[in-house]
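The values are calculated or read from the model by the stated rules, or taken from the named source; none is laboratory data. Keep in mind the model is a prediction, meaning the values are calculated, not measured. Cβ coordinates were reconstructed from backbone atoms using ideal geometry, including for glycine residues, and neighbour counts include every protein chain displayed. Accessible surface is based on the protein model in full, side chains and every heavy atom, while ligands, DNA and RNA are left aside. Shrake-Rupley method; radii C 1.70, N 1.55, O 1.52, S 1.80 Å.
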Amino acid sequence: MRGLATIRNPQPIIVSGGGIGGLACALALAQKGFGVTVCEQAPQFGQVGAGLQVAPNALSVLDALGVGAPIKQQAVLLEEMLMMDGTNGEAVLRIPCDARFRQRFGNPYAVAHRADVHGALLRACEAHDGVQLLTGTRITRYEQDAGGVLVSTDNGETLRAAALIGADGVRSRIRQQMLDDGDPVCAGAVIYRALVPAARMPPDLQHPRATLWVGPDAHLIYYPVRGWTEFNVGATVNREVAGIVEGEASREEAEIAFAEWTQVPQRVLSLSSKYQRYVIRHREPVGNWTEGKVTLLGDAAHPMVQYIAQGAAMALEDALCLAAELDAANGCHETAFARYQESRIVRSARVQISSAMLDRLYHARGVERLVRNSMLEGRSPDESHERLAWLFTPPPYVRDWAREPLSS
Ligand SMILES: Cc1cc2nc3c(=O)[nH]c(=O)nc-3n(C[C@H](O)[C@H](O)[C@H](O)COP(=O)(O)OP(=O)(O)OC[C@H]3O[C@@H](n4cnc5c(N)ncnc54)[C@H](O)[C@@H]3O)c2cc1C
């Protein structure tokens, strides 16, 4: 633990939002010697009860921050990722996550409960003298002056900060003020999510893999979490979203889009009587998310559809990159934030675009479905790994994190 005497900045950096991105950013900055205050609008820190795929690039960030080991202990480490065709019940693509995969990318592919990833980051923040955690504090506006940033909260306070990082998610207030680019766009899809106790999952459907069923206008993914005690089930359905309210949905509603599918996805969906309905929102990539001493991170900067399962991974990578740049710029926020954005923008935009393109691949019907299957069937493990290398290989600022001496 670092003592307060070693903190490099007289004014704290404020991070708006205590999700996975905000907490990782606070921890990374504190590990580089900067004092940080995290302002979270909710009365307590937490995450919705659902699964999270934690790809090797995300695990490498968590390792660098010193929280990888407990997360891997609670998670399930996958042996493979499997894509199945919901129309004929046949396997389309198998990607082994075996020793070669782990060797190549430096980590396994894990599936976890969101709260376990978030909880490990929260505990590490709580244990670090450089991080102050505030709940019930919603940031509404900011103003920059020569001395830094004045940050307003909805309980009428004005906080003085050296800099401000908007990690306040897909509906970011900081982004709204900075870019004024309207509400995030509905992707024309909803996801029905549930956690199913393992005792209810038939033994013939329990595998150490993420199984993705793809088909016309919908896909279904399921995988074990929390030491095989639960299974995460997520059914994404392309549908009209106008007037849809987020919240509880019946099993019957979740099943409608899968009625003509082969049997296994229907069996999986039948395991929960209730689902949580969530409207999927995203944005097109933008070329700027920084203004002087204010910048964005995670979903506030580059929200994406979840098909590629990399939104949290990108937020984690952002966090390390930003802290490494601020360290290198010796606390000069404008320089560091500009370099951070330059480092991150193409990679995060590529992930946003790739994820949106999976909509067509996953939800293909007719001849497009046949094209998809013929493209993917017979792809060798080495070829699959090669095609994923740009995504799963940790960027230099992640690989170099541990090698750089902590400034103090
Ligand atoms: C269905 C689904 C499945 C997904 N699956 C995966 C996956 O498998 N793997 C993966 O890597 N990613 C996945 N993602 C993406 C991932 O969940 C997000 O990209 C990630 O959670 C973003 O983290 P964040 O910290 O940027 O934002 P958030 O998690 O949204 O956190 C933002 C925080 O800011 C707080 N906040 C908001 N406004 C304010 C304010 N004005 N002031 C103060 N606090 C504020 C919020 O309360 C919240 O705590 C999935 C997303 C969805 C929707």
Quick one: in the range 47-80, which of the residues that are part of a strand (DSSP E or B) and away from the ligand (no atom under 12 Å from the Cβ) is least open to solvent (accessible area, probe 1.4 Å)?
76
Scanning the range 217-273 for residues that are at pLDDT below 95 and of a type in the set (Val, Ile, Thr), the one nearest to residue 195 (Cα to Cα) turns out to be 245
Scan the strands (runs of 3 or more DSSP E) fully inside the range 234-331 and keep the ones with 1 or more residues being surrounded by fewer than 20 Cβ atoms within 10 Å (Cβ to Cβ).
247-250, 274-282
List the number of the failed condition for residue 114; all other conditions in (1) within 14 Å of residue 312 (Cβ to Cβ); (2) among the basic types (Lys, Arg); (3) surrounded by fewer than 18 Cβ atoms within 10 Å (Cβ to Cβ) hold.
(3)
Qualifying positions in the range 339-362 - more than 16 Å from the ligand (Cβ to nearest atom), closer than 22 Å to residue 399 by Cα and surrounded by fewer than 17 Cβ atoms within 10 Å (Cβ to Cβ)
342, 346
Can you pull out every residue in the range 81-128 that is under 17 Å from residue 25 (Cβ atoms) and either in contact with a Cys (Cβ under 9 Å, 6 or more places away or on another chain) or outside any helix (DSSP H, G or I) (or both)?
127, 128
Give all pairs with beta carbons closer than 7 Å in which a residue from the range 159-187 that is under 16 Å from residue 134 (Cβ atoms) meets a residue that is more than 13 Å from the ligand (Cβ to nearest atom) and open to solvent by 60 Å² or more (accessible area, probe 1.4 Å); count only pairs at least 6 apart in sequence or on separate chains.
160/11; 161/11
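Each row is one residue, and each column tells you yes or no for (1) modelled with pLDDT under 95; (2) among the hydroxyl-bearing types (Ser, Thr, Tyr); (3) farther than 14 Å from residue 18 by Cβ.
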{"residue": "124", "(1), (2), (3)": "no, no, no"}
{"residue": "144", "(1), (2), (3)": "no, no, yes"}
{"residue": "152", "(1), (2), (3)": "no, yes, yes"}
{"residue": "158", "(1), (2), (3)": "no, yes, yes"}
If you take the residues in the range 23-46 that are away from the ligand (no atom under 13 Å from the Cβ) and assigned to a loop (DSSP other than H, G, I, E, B), which one is surrounded by the fewest Cβ atoms within 10 Å (Cβ to Cβ)?
33
